[in-house]
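Colleague: Input: one structure, supplied below.
Bear in mind these aren't lab numbers, they're just calculated from the coordinates by the rules spelled out. The structure presented is a predicted model; accordingly, all values stated were derived computationally and were not measured. Note that each Cβ is placed from the backbone with ideal geometry, even for glycine, and that neighbours are counted across all protein chains shown.
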């Protein structure tokens, strides 16, 4: 390509060569809109622009990489040959629509310390690879911040998702505002706003998000010290207080909780009560307090109450298990449809359909039936095999259609009969055995009792996910029973729990059990 000569600008970029811009975005984040604005911005300033994209595997499993190259025209009418993909070490601007996308861009080598301006929203939208880890698989934002500051020429990050929500817009507008404030491109703010107006879609909301993000970016760039990385979700989680709501039965439970349980545990108890009452009814909340009280009695008078707090959390999780009724209830709630509409930024006049993938098994069907009938069917292998051929297959369900919404809504209504189902009886038996073992251990060794309560983290989800977790949990509890008389029992149970959460296949747990058996 012949050299296209222009004058270098105040942005510090040599405009005699193409300026390379990479955008990392997942489905629904408006990456394509952002790229269109960048192209429009450049062309309105008389520059030449080219954009390409390589889609990821699917939403939440692979980001789409959008790539733009722009170059100032020399007025000769000659068209340069521009690249179709980013080249490691030769990217001027990288934009991540989510924090870990910025991290993945660095892993790809797209960010370099002598050249790249890195812009990212600091919020998290967890990828499937993070969610499938049995324990906490979330990436560490502090490591991303540390790497970004070391490997980029300029790093700019703040919560642009929050700004877009406050502005009733999409995150692409906030990212565009941050790009304008960074000074990485030699164009004035008015040119950016003109590109948004030219697109003609959601102009007012987009300009609001653009302006707020621009101002936030300017404030961050002028700050005397760089902002700290965002805290993890666990650190940010806020629990409600124990407050009456005007319902006589519920308010009586609140008064009982205030009277019978230490104040330090009240926020977790409030969250637990809200969860179990939402799952079933107020009487179920009273059962929750009954199961919690033995642990509060064990550490009564203590300065803090880690045992009661852990019990409040894990008992609520165990009582509000995921069954077919619960799944149907959650998928047909009006709040869920509203959240989906907000996530895709749908206008009031637009219709939004959500397609769910469901793969029921006969075990879930039998678990939803009355206990006697469910056991009767399970005891007949021939009948189970025949019903499996009818039931055990994947289905794509559009919950926004009457044909699928109505059956799910009816199933959700079975919640009033849940206590008589086979699944509920089994869950209660399993939970009571766990609580008996944990309370018995806690009376002799509070740290051991605490570890046994925390072991319940292994059991979550439904269908085969629940079965795998319950299998690991049962193996851990069996090994814990053999360790109870040892002074270091709590430490070994903690190691077992960490090993069980390390991988879904259970290899780390197998190795830890072998180690323990070698000295028992």
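Colleague: Just how many % of Cα pairs in the chain lie over 29 Å apart, if you round to the nearest whole percent?
Modeller: Details: 84852 of 134940 pairs.
Of all Cα-Cα pairs in the chain, 63 percent lie more than 29 Å apart.
Colleague: For a footprinting-style exposure proxy, rank 47, 376, 37 by other Cβ within 10 Å, fewest first.
Modeller: Ordered from fewest to most neighbouring Cβ atoms within 10 Å, 47, 376, 37 come out as 376, 47, 37.
Colleague: Now a separate question. Please list the equivalent ellipsoid semi-axes of region 223-378, computed as the square roots of five times the alpha-carbon gyration tensor eigenvalues, in descending order and whole angstrom. Walk me through the numbers before you get to the answer.
Modeller: Working: eigenvalues 201, 162, 54 Å².
Ellipsoid half-lengths, sorted descending, are 32, 28, 16 Å.
Colleague: Please determine, in degrees from 0 to 90 and to the nearest 10, the orientation of helix 141-151 with respect to the longest principal axis defined by the Cα atoms of the chain, where the helix direction is its Cα long axis.
Modeller: Result, in degrees: 20.
Colleague: Output the 0 to 90 degree angle, nearest 10, between the alpha-carbon long axis of helix 282-298 and the longest principal axis computed from the alpha carbons of the chain.
Modeller: In the chain, helix 282-298 runs at an angle near 80 degrees to the longest axis.
Colleague: When a footprinting reagent is the concern and you count Cβ atoms within 10 Å, what order do 179, 458 take, fewest first? Present the calculation step by step, with values, prior to reporting the outcome.
Modeller: Values: 179 28, 458 23.
In increasing order of surrounding Cβ atoms, one gets 458, 179.
Colleague: If you don't mind, another one. Output the direction-averaged projected area (hull surface divided by four) of the convex hull of the alpha-carbon atoms of region 290-331, in nm². Please report the intermediate quantities before stating the final value.
Modeller: Working: hull surface 14.1 nm².
The Cα convex hull of region 290-331, projected and averaged over all directions, gives 3.5 nm².
Colleague: Relative to the compact-globule scaling 2.2 N^0.38 Å, provide the ratio for the alpha-carbon radius of gyration of region 19-236. Kindly include the intermediate steps, with their values, before the conclusion.
Modeller: Working: Rg = 16.7 Å, N = 218, 2.2 N^0.38 = 17.0 Å.
The value comes to 0.98.
Colleague: Please report the projected area of region 79-195's Cα convex hull averaged over all directions, in nm². Write out the running numbers ahead of the final one.
Modeller: Working: hull surface 36.3 nm².
For region 79-195, averaging the hull's shadow over all directions gives 9.1 nm².
Colleague: Tell me the label-point distance for the pair residue 84, residue 264, using the 7 Å Cα-to-Cβ offset, in nm and rounded to one decimal.
Modeller: 6.3 nm
Colleague: Which of rounded, prolate, oblate describes region 414-520, given a ≥ b ≥ c as roots of the alpha-carbon gyration tensor eigenvalues and a/c under 1.5 marking rounded, otherwise prolate only if a/b is larger than b/c?
Modeller: Details: a/c = 2.70, a/b = 1.47, b/c = 1.84.
Oblate, because a/c is 1.5 or more while a/b does not exceed b/c.
Colleague: Using only C-alpha atoms and all pairs of different ones, pull out the Kirkwood radius for region 337-410 in Å with one decimal.
Modeller: Details: mean 1/r = 0.0676 Å⁻¹.
Radius from the Kirkwood sum: 14.8 Å.
Colleague: Next question, about the same structure. Once you have the Cα-Cα distance between residue 508 and residue 333, take 0.36 nm times their residue separation minus that, and quote the gain in nm to one decimal. Kindly include the intermediate steps, with their values, before the conclusion.
Modeller: Working: separation 175, 0.36 × 175 = 63.00 nm, distance 3.90 nm.
Stretched fully, the residue 508-residue 333 segment lengthens by 59.1 nm.
Colleague: Go ahead and estimate [θ] at 222 nm for the chain from helices alone: -39,500 (n - 2.57) per DSSP H run with n ≥ 4, summed, over the residue count, rounded to 500. Could the numbers behind the result be given before it?
Modeller: Numbers: 24 runs with 285 residues, N = 520.
Calculated at 222 nm, the ellipticity per residue is -17000 deg cm²/dmol.
Colleague: I would also like to ask the following. Starting from the Cα of residue 221, step 7 Å toward the Cβ, then list every residue of region 82-112 with an amide N under 17 Å from that point.
Modeller: In region 82-112, the label zone of residue 221 (backbone N under 17 Å from the point 7 Å along Cα→Cβ) covers 92-96.
Colleague: Looking at region 154-265, what % of the alpha carbon pairs are farther apart than 24 Å?
Modeller: Working: 2995 of 6216 pairs.
Above the 24 Å cut-off, region 154-265 has 48 percent of its Cα pairs.
Colleague: Shifting gears a bit: Using alpha carbons only, how many degrees (0 to 90, rounded to 10) separate the axis of helix 381-391 from the longest principal axis of the chain?
Modeller: Here the helix axis deviates by roughly 30 degrees.
Colleague: By how many nm would the segment from residue 54 to residue 444 grow when fully extended, if each residue of separation counts as 0.36 nm and the alpha-carbon distance is taken off?
Modeller: Details: separation 390, 0.36 × 390 = 140.40 nm, distance 5.95 nm.
Fully extending the segment from residue 54 to residue 444 adds 134.4 nm.
Colleague: For the pair residue 256/residue 487, report the inter-label distance in nm, with labels modelled 7 Å from Cα in the Cβ direction.
Modeller: 4.2 nm
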